[in-house]
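The values are calculated or read from the model by the stated rules, or taken from the named source; none is laboratory data. Just so you know, these numbers come straight off a predicted model, no measurement behind them. With ideal geometry, Cβ positions are generated from the backbone for all residues, glycine too; neighbour counts draw on all protein chains shown.
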Amino acid sequence: MYNCKKNILAGFILLFVFVLIVGCSGAKEGSSKPGEGNSKETSNSGGKPQAGGELVAAAGADITSFDPILSTNAGDYQFLWPVYDTLTRYNSKLELQPGLAEKWEYPDDKTLVLHLRKGVKFHDGTDFDAEAVKINMERVKSKDSTISDFKNVESFEVVDPHTIKFHLKQPDASILLALAERAGIIVSPKAIKEYGKDIAQKPVGTGPFKFVKRVPNGEIVYEKFDGYWKEKEPFLDKLTIKIMPNETTRINALKSGEIDLIQGVSPFSVESLEGTPNIKVENVTSFTEKIIVFNAKKPPFDNKAFRQALKLAIDRKAITKTLLRGYGKPAYQIFPNEYWAANHDLKIDYDPEKAKQLLAESGVKKPSFSMITTTQDYYEPMFSDMLKEQFAKVGIEMKTESMEGTAAIGQFWSEKKFEAFSSGVAGKSDPHLLLEIWVAKDSFYNAGNHTTPELDKLIAEANATYDQTERGKLYSEINRIQSEEVINLLPVVSTPVIYAMNEKVKGFEPNGLVKSYFPSIWLEK
Amino acid sequence: MFFKFLLRRLIYVIPTLLITTLVVFSFILLIPGDPVVALLGENATPEKIAQMREQLGLNDPILVQYGNWLLHAIHGDLGKSIFTGQPVFEAVTGRLAVTFQLVFISMLVSVGLGMFFAITSVYFPNSVMDYIARFISILGASLPNFWVAMLLVVFFSLTLNWLPATGFISITENTAGFFKTVLLPAISLGAVGMAVITRHLRSSLLEVMGADFVRTAYSKGVSRWRSIFNHGLRNAMLPVVTTIGIGFGNAIGGTVVIETIFAIPGTGQLAVNSILQRDFTMLQGVVLILIVLVIIINFITDIVYALLDPRIEY
Amino acid sequence: MSIKEVMRRFRSERLAFVSFIFLLIISIVAIFAPLITPYNPNAQNLSNILANPSFSHWMGTDNLGRDIFSRVIMGTRTAIQASLFAIIIPLSIGVPIGIIAGYLGGIIDDIFMRIVDAIIAIPGILLALGITAALGISLWNAMIAIGIVAIPQFARLARGQTLQVRTEPYVESAKISGAGPIWTMFKHIIPNISPPVLVQASVNISFAVLAETSLSFLGMGAQSPQISWGSMIQQAYSMINLNPWLIVYPGVATALTVMAGNFVGDGLRVAIDPKLKKL
C-alpha cells in the first residue's frame, strides 16, 4: 500500500478537528435547561384587521383528498376549510358556532331543522340553498363515503330554499358538531355533477378562498374569493400551504422568513425558537394524547385490579418533564381537563405503593405483558423505555414489540394479536364522535370490546341529550367510570400542540385538535 | 457484432424486470399490515374497512392481482396509489425528476472532487494535498452516508447557517435555491463515489505516468501538467467510467436514507414511505422504475466501456 | 498458493494487519461487553440527563440519563453479530448457488444468473427494508435481510471463479480420469475460488455494519433494549438542537469499524494477488 503511518495520523487529526468543531458548535444549546410549564400564551386579537398580503403556512403532510367524503386524515382540514364552508363551526374551545346554517332547532327529539344563510354563492357563481345541502348530505350518507357520522339520520327534507330538516332514527346530539367537520362540508352541486369523481382535483365551495393549484407533496395555493358572504373577509389576498414533512425543515424555513406559520413543533425544538426575534410561539390546550390502549379480553388485562395497578404505576409527571421537556401535561382522561365534556375533578396520583398492593390483590402471578410500539417516531422508544422502568418498579414486566405504524394498527385492532399498544388519540369536534370510536363497546378502537353495562348506557344517554350542561354531566360521569374501571385505555400525557409564527401573523385561533383554520388570519404591515 | 451485443443485453432485461416485479409482489403477500385500516384513519369502522378492501381489489387472489397489474403495466398504466389516489406513473416520474437532479449533482461531486484530488495528489506527490487526497480516499468510503449528512447539517446549517438543513427546490424553479438545497445531500451521497474515484484514478494515473510513452513525451519537454492531461487522464479514465456506472446505482440506493434525512421528495423517500404505509401499487411502481433506470445506466456504462476499450469483445 | 504464504504477506500489509487486530479487539469487546461497560447501558437516571462528558461519564449521558460510553460498547455486539450474519448467510447459500451454476452451465446457469441479476438490480437497502418489513421488525430479521441481500454478489463471484477453474487443464484431466462432479467441486473448485470469496467476505463486514446502522437508523433494525449505533444516531438526531455531540460517538464507532473492514479486504486482496500491489 502506501505510506500509511503519516496518512492515518493526518487522517485522525483531521477527523478529530472536524468532530471537535461540530461538537463545540452546539454545546451552548446542549446546556440549556428544560422548559418549565407552558410557553407564553400570546393574544392574537389585538389591533384592527388589515386587508391584503399573502400568508405561507407549512403542513406536515399533503391532503388525502379534496373530496370531503374521501378525505380521511385529521390534517386535511387546514386544506379543506379555506375552500369549503361547513354548516356549523366551532371555536377554539370547541363550542358550537353558526356556519352556513345561521340557526337551528329541534322541534322534537327526532327532527333537526337548519335555517340556512341567505345570499351565499359558490365559487362557480351558483347559489347556495337547501337543495345543495341535501345533495351534499346524501353524498355523505352514501355508500361511497368514508364518513359514518349520519348513522342515526333517516332522511333529509328540503322545507324551503333556506330550510332543511334532518329526520332522525333516534335522538343524536353529536350531529351539530359533526356538521362542523367533513360531514358538514358543502361542495357546489354543479361541480359534483360536472366533475364527478374528479371533484378532488377541482374543489369548488363557498369558502373564503378559491382553489388555484396543487402540486402533490409540494404546495397548495389559494386566492381570495371576492364574492365571500362574510363582509370584509377574507383579509388575505393569497394563501399558500407548503408540504414540509420534516420538522427541522419547517423550523428553518420559519426562521429564514420563507414561511409565516408552522405547526407541530416538537418539545425538543421549542427552545431553539423561543429566543428567536420576530417569532412567537403558541402552546394551546391539546386534545392529542399519548395513551396505552389494551385488549381487555387478553390476560392480564382482563383483571381489573391489574389494570388499576398499571394506572397508578405510571409516573406521568416524570414523562411530561423528560419526554415532553415540560411542555404538555399529565393526562387523566381522554379529554383535556378544561373541556366542557371532561370530568374536571379527575386526577391520578402516581402511587407505586398502592400499585404494588393492587397487584398483590389482583392475584396475577408473574405480571407481564407485551406492548406494540411503532418504530418511525423517534420518541416512541424513549416512551416505552421510561414505562418499562416505571412498571418494573412495581414488579410488572413490560416487553415491547416494535413494528411500523400500519402493521401495528392492523395487528392490534384488526387481527387483535397483542395485549397492548402504545398509541395516540386525537380529539374530535364532539365528545360522542370520539367515544363512539374509542370507548363504546362496539367501537373499532376498543379492541377487547370491553365495557360495563352502566357505561354503555351512559354513552347512549349522553348522545340523546340535547342540553349541553346535562350532557356535560353525563360525560363527566363516563370519564369517571372509564378511569375507575380502566375500560380499554390508559391516558398518559397530553402532548403539546405548539404553533410558531411570524409576529406579523394576527387573528389566528389555533384549536387543540390540530385542525388549523387559516382564513381568519390577517397580516400586520 | 456490436449490434448483436446490444440486442442480447436488451433481451436479458426482460426476465430481470419480470423477476423483480414478482419479488415485490411477493412482499405484498408476506408483509403484514393492512393499508386500508391506516387509510381510513379516524373514519375506520369494520364495515367501511370491508367496503374499502373490495373497492381497491385487495380481496382478489394475489396472482389475479399480479396478473391485472402486469397487464396494465405493459400498457403503461401502473395503477393508482392506494393512499393518495394519485396515478403511480405520474407520482414516480414527478419524484424521479427530483432524485435525478440530486443524483446528477452527487455524481458531479464524486467525479469532480475525485478527479481534483487524484490529479493534485499525483502532481504534488508527498505534499499536504497528496495526504489529504489519500486520507479522503480512505475515509470517504467508510463513513455512513447518513452520518456524514448529519455532521454537514450540524456544521453548515445549524452552526454557520449557510445552507438549509433540509428541503429541496427544483432547478426549474429557482437555480440559486436549487444549489443551496442540493449541495449538502449531494455531498453526503457522493462522498463514497468521490473516495473510490480518487483512489482508482490516482493509482491508474501513477501507473500511466510511469509508462514509457509518457516518459518519452515528458523528456521531449512536454510539461508535467500537460502530460497528465494529454496522456495520463485519457488512459486512466477507464476505471473512472466503471466507477461512475456503479456509483449511479449506489447513489440511487443511497437516496433511500439521504432523502429521508433531508426531507427531499424524491423516489427514495417515496419507496420507504410506500413500504411503511403498505402502499403496494406505489411501491411496485417505484421499484420498477428505479430498476429500469439502473439497467439503463448499466447499459450505457457497458457501451461506453466497450467503446473506450477496444480490447473488449462483444 | 499456500495459506501460509498469504498470511505472511497479509501480515506485511501493516494497515490491513492493524485493522484486523482492531476488528479482533472489537469482537472481544462485543463478547465481554456486559463486563466492560462501567454502567448498565439501559439504566436511566432522569436527574442527570444530557450531561456533558466528565470523568464519571466519558461520553456524557443521553436524554434519559443513560451512559453513552456504555451504550457505544454494547453497540459493538450488534455490529459484530450483523457482520457474522452477513458473511455466513451468503457463504452458505450464495457460494453453492454460484458453484453449481458455474459448474453445470447451460439453462440452470441462465436461470440462476437471471435471478441474481434481478435481485442485484434492486437497491440493496430497499430490498433489506422490504425483507425486514416482511419478516417483522427485529434486529434478528434485519440481519437475516442483510445476509440475503449479499447472496447474489457471492453467487456471481463464485460462478465467475468456477467458470475459470472449470476449464483449467488439471480439472479437465480429473474429469477425464473419471472424477465425479462432487469430488471435483471439493477437490479443485472450492480451494481455488476461496481466496476471492474470502476477500468479498471481509469487505462484507463493512457492508453489514453500514446496512445495519442504516436499517436501525430508519427504525427497522435494533429495538430497545437492544442497542445499535444506528438507533443511537437516530435518537440523537432528533435532539440535534439540544446536544449535537450525541451523534458523534456512535458515528465514529461505525466509521472506524467500517474502515477496518475495508482495510482488511484490501490487504487480503493484495496478499492473495501481489500483482495488485500497485493499485
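Tabulated results
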quantity: Among the residues listed as B:Leu206, B:Leu108, the single one being within 21 Å of the chain's Cα centre (by Cα) and not polar (S, T, N, Q); calculated: B:Leu108
quantity: Positions within the stretch C:204-233 being within 11 Å of the chain's Cα centre (by Cα) and within 11 Å of C:Arg71 (Cβ to Cβ), in sequence order; calculated: none
quantity: Those residues of the stretch C:233-243 which are more than 7 Å from chain A (Cβ to nearest Cβ) and under 11 Å from C:Asn63 (Cα atoms), in sequence order; calculated: C:Ala236
quantity: Every residue from the stretch A:208-220 that is under 24 Å from the mean Cα position of the chain (by Cα) and either at pLDDT below 95 or over 16 Å from A:Lys121 (Cβ atoms) (or both); calculated: A:Arg214, A:Pro216, A:Asn217, A:Gly218, A:Glu219, A:Ile220
quantity: Residue in the stretch A:308-317 that is surrounded by fewer than 22 Cβ atoms within 10 Å (Cβ to Cβ), outside any helix (DSSP H, G or I) and at pLDDT 90 or above present; calculated: yes
quantity: Options B:Gly247, B:Gly254: the member that is over 21 Å from A:Arg250 (Cα atoms) and more than 10 Å from chain C (Cβ to nearest Cβ); calculated: B:Gly247
quantity: Filtered residue count, the stretch A:177-222, keeping only those that are of a type in the set (A, V, I, L, M, F, W, C), within 14 Å of chain B (Cβ to nearest Cβ) and assigned to a helix (DSSP H, G or I); calculated: 4
quantity: Residues satisfying the stated conditions in the stretch B:122-156, i.e. facing another protein chain (nearest Cβ under 7 Å) and of a type in the set (Gly, Ala, Ser); calculated: B:Ala141, B:Ser142
quantity: Elements of type helices (runs of 4 or more DSSP H) contained in the stretch C:118-189, each with 2 or more residues being within 14 Å of another protein chain (Cβ to nearest Cβ) and surrounded by 22 or more Cβ atoms within 10 Å (Cβ to Cβ); calculated: C:124-135, C:139-166
quantity: Unmet requirement for C:Ala86, which otherwise passes all of (1) out of contact with any helix residue (DSSP H, G or I) (no Cβ under 7 Å at 6 or more places or on another chain); (2) buried (at least 23 other Cβ atoms within 10 Å of the Cβ); calculated: (1)
quantity: Residue check, B:Val214 at pLDDT below 70, away from chain C (no Cβ under 14 Å) and either in contact with a helix residue (DSSP H, G or I) (Cβ under 6 Å, 6 or more places away or on another chain) or assigned to a helix (DSSP H, G or I) (or both); calculated: yes
quantity: Residue match in the stretch B:61-71 (condition: at pLDDT below 80, in a helix (DSSP H, G or I), loosely packed, with under 14 Cβ neighbours inside 10 Å and out of contact with any strand residue (DSSP E or B) (no Cβ under 6 Å at 6 or more places or on another chain)); calculated: yes
quantity: Looking only at the stretch A:379-426, and only at residues there that are acidic (Asp, Glu) and within 14 Å of chain B (Cβ to nearest Cβ), the one that is surrounded by the most Cβ atoms within 10 Å (Cβ to Cβ); calculated: A:Glu404
quantity: When residues of the stretch A:149-167 are limited to those that are under 24 Å from the mean Cα position of the chain (by Cα) and surrounded by 19 or more Cβ atoms within 10 Å (Cβ to Cβ), the one modelled with the highest pLDDT; calculated: A:Phe150
quantity: Any chance C:Arg66 is crowded, with 18+ Cβ neighbours inside 10 Å and within 30 Å of C:Asn262 (Cα to Cα); calculated: no
quantity: Filter result (more than 23 Å from B:Ile258 (Cα to Cα), under 19 Å from the mean Cα position of the chain (by Cα) and assigned to a loop (DSSP other than H, G, I, E, B)) within the stretch A:223-263; calculated: A:Gln263
quantity: Spans of helices (runs of 4 or more DSSP H) in the stretch B:83-173 with at least 3 residues closer than 30 Å to A:Asp76 by Cα; calculated: B:88-123
quantity: Subset of the stretch B:26-44 [of a type in the set (Val, Ile, Thr) and in a helix (DSSP H, G or I)]; calculated: B:Ile28, B:Val36, B:Val37
quantity: Residue match in the stretch A:504-515 (condition: in the same structural domain as A:Lys210 (by TED's automatic domain parsing), part of a strand (DSSP E or B) and under 28 Å from A:Asp85 (Cα atoms)); calculated: yes
quantity: Where a residue in the stretch B:187-199 is part of a helix (DSSP H, G or I) and its partner, wherever it lies, is surrounded by 24 or more Cβ atoms within 10 Å (Cβ to Cβ) and among the charged types (D, E, K, R), with Cβ under 9 Å and at least six apart; calculated: B:Thr198/B:Arg134; B:Arg199/B:Arg134
quantity: All positions within the stretch A:320-334 that are surrounded by fewer than 22 Cβ atoms within 10 Å (Cβ to Cβ) and assigned to a helix (DSSP H, G or I); calculated: A:Lys321, A:Thr322
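Per-residue answers, yes or no, for (1) free of Cβ contacts under 8 Å to residues at least 60 places away in the same chain; (2) crowded, with 20+ Cβ neighbours inside 10 Å; (3) out of contact with any strand residue (DSSP E or B) (no Cβ under 6 Å at 6 or more places or on another chain); (4) not assigned by TED's automatic domain parsing to the domain that holds A:Gly99:
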position	(1), (2), (3), (4)
A:Gly196	yes, no, yes, no
A:Thr248	yes, yes, yes, no
A:Ile262	no, yes, no, no
A:Asn295	no, yes, yes, yes
A:Phe301	no, yes, no, yes
A:Phe306	no, yes, yes, yes
